[in-house]
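Shown next, in structure tokens, is the structure this report addresses.
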Amino acid sequence: MDLDVLFVGTAGSAPTARRGLPATLVRRGGDRLLFDCGEGTQRQLLRSVGLLELEEIFISHFHADHFLGLPGMLKTFGLRGREQPLAIYGPPGLRALYQALLPVMGRSGFEVRLVELAPNEELERDGYRIAAFQVDHRVSAYGYALIEDERPGRFDEARARELGVEPGPDFGRLQQGEQVGEVRPEQVLGEARRGRKLALAGDSAPSEMTRAAAFGADVLVHEATFSLEEAERARETGHSTARGAAELAARAEVKLLALTHLSQRYAGRELRDEAREVFANTIVPRDFDRVEIPFPERGEPRHVRWTEATGDRAQGTESAIDNVESEC
């Protein structure tokens with residue numbers, strides 16, 4: 001089951017020539033989940049993976065740079081004759097926001113289901129869940145964590161044969177936790193293997209809630225609107241410095257930290273270097289970069305760089321921590 005993160009827009013409150021407004025696409029198997037939808041998100045998607053028939057959009061909070069892409073995207077869906085429902089999730093106030101946008105969007109020809117989530121509410125999905133958690137910003141704001149279920153341990157085919165189980169459907173039943181005759185699953189399965197975990201903090205100062213929600217995550221996507229020199233302004237505005245995000249990543253024991261929501265005053269390299277003084281495995285992805293998240297036993301998360309010429313990964317993609325020259 002593939003799992004990756006596509007950075008659709010990595011700028012802060014204002015776009016730059018190279019960075020669009022906040023939007024992140026998470027792809028797991030056939031599921032496509034969009035987190036935030038800044039102005040121009042549909043254009044960013046068209047430039048990278050195409051304007052997908054998204055089924056779920058998650059809004060972190062109601063500052064304009066995180067939702068102004070919704071009217072245009074929903075309008076385009078309608079013009080394309082979309083029929084399938086679309087669910088939009090967010091903090092309390094989502095319905096009021098949508099009503100305010102209706103005069104701009106007009107009525108859609110498909111169902112839009114609005115779901116206001118409570119802090120710490122979880123949405124159960126097939127093989128994983130999505131948890132909303134409160135973050136520390138100037139307004140009510142959420143981060144989201146995607147947490148996969150545990151997986152059965154490795155199946156010992158040779159041991160199953162020794163116990164008299166024939167290859168075929170019975171092998172599958174044992175792997176699914178069912179007993180076959182006198183043979184119990186624990187006799188042929190190793191220890192359960194953990195699933196993957198991804199945390200997206202949205203706009204936030206470093207907080208204890210984010211540390212708890214992201215603890216042990218394979219990837220933490222955290223904002224770094226400012227450098228340490230602007231720490232006071234970061235505190236005043238409910239944002240984070242690169243160093244603050246790195247200190248949180250270290251306390252949360254995550255594998256990889258991806259810094260986004262960069263102010264237009266930064267190219268990216270200086271924030272990356274500041275963070276790496278505290279947490280070495282830090283990247284500052286550009287728009288359309290990806291992070292692939294394999295199962296833990298198959299390796300570490302990997303930063304895959306976008307190349308505009310081919311619309312695909314750069315040649316010789318390296319491990320996340322080694323991509324030092326082309327991240328910024």
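The values are calculated or read from the model by the stated rules, or taken from the named source; none is laboratory data. Predicted, not measured: the structure shown is a model, and the values here were computed from it. Virtual Cβ from ideal backbone geometry, glycine too; neighbours counted across all protein chains shown. All accessible areas refer to the heavy atoms of the entire protein, side chains included, with ligands and DNA or RNA removed. Shrake-Rupley method; radii C 1.70, N 1.55, O 1.52, S 1.80 Å.
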Sorted by chain and then number, the residues having a modelled amide H within less than 5 Å of the amide H of residue 154, at least 5 places away or on another chain, are 190, 191
Once you order the gyration tensor axes a ≥ b ≥ c over the Cα atoms, which shape class does region 1-108 get: rounded for a/c under 1.5, otherwise prolate or oblate by comparing a/b with b/c?
rounded
Most fluctuating of 101, 33, 70 in the GNM of the chain (C-alpha, under 10 Å) is 101
Region 15-78 shape via C-alpha gyration tensor axes, a/c threshold 1.5
rounded
Return the loop-located trypsin sites (Lys or Arg not before Pro) in region 4-42 (DSSP other than H, G, I, E, B) with at most 14 other Cβ atoms within 10 Å of their own Cβ; answer none if there are none.
18
With springs only between Cα atoms under 10 Å, which of 291, 49, 188 fluctuates most in a Gaussian network model of the chain?
188
Picking from 203, 170, 287, which is most flexible by a Gaussian network model of the chain using Cα springs under 10 Å?
170
Once the chain is represented by equal point scatterers at the alpha-carbon sites, with solvent omitted, what log10 I(q)/I(0) does the Debye formula produce at q = 0.06 Å⁻¹?
-0.23
Would you compute, from DSSP H runs of 4+ residues alone, the mean residue ellipticity of the chain at 222 nm, taking -39500 (n - 2.57) per run and dividing by the full residue count, rounded to the nearest 500?
-6500 deg cm²/dmol
Output ³J(HN,Hα) for region 142-152: one whole-Hz value per residue in order, computed from phi by the Karplus curve 6.51 cos²θ - 1.76 cosθ + 1.60 with θ = phi - 60°, and x for Gly and Pro.
10, x, 9, 10, 9, 10, 7, 5, 4, 10, x
Find how many whole Å separate the alpha carbon centroid of region 228-302 from the alpha carbon centroid of region 8-72.
19 Å
Output wanted: per-residue J couplings in Hz (rounded whole) for region 121-137, from phi through Karplus 6.51 cos²θ - 1.76 cosθ + 1.60, θ = phi - 60°, x for Gly and Pro.
6, 10, 10, 7, 10, 6, x, 7, 9, 10, 10, 8, 9, 6, 10, 9, 9
Which of rounded, prolate or oblate describes region 164-204 when judged by the alpha-carbon gyration tensor and an a/c cut-off of 1.5?
prolate
Got a number for carbon plus sulfur as a percent of region 172-317's accessible area, 1.4 Å probe?
44 percent
How would you rank 211-219, 141-149, highest first, on the average number of other Cβ atoms within 10 Å across their residues?
141-149, 211-219
Just going by the charge dipole of region 1-133, with Lys and Arg at +1 and Asp and Glu at -1 on Cβ, which of 17, 103, 131 is farthest out on the positive end?
17
Per the 1.4 Å probe, what fraction of the accessible area of region 128-169, in percent, lies on carbon and sulfur atoms?
45 percent
Expected unfolding gain across residue 155-residue 105 under the 0.36 nm per residue rule, minus the alpha-carbon gap, is 12.8 nm
³J(HN,Hα) across region 48-61 via Karplus (A = 6.51, B = -1.76, C = 1.60, θ = phi - 60°), whole Hz, x for Gly/Pro?
10, 10, x, 7, 6, 7, 4, 9, 9, 10, 10, 9, 7, 6
Treating only the Cβ atoms of Lys and Arg (+1) and Asp and Glu (-1) as charged, compute the dipole magnitude of the chain about its Cα centre; round to the nearest 20 debye.
860 debye
When ligands, DNA and RNA are left out and all protein chains stay put, how many square angstrom of accessible area per residue does region 15-161 have with a 1.4 Å probe?
46 Å²
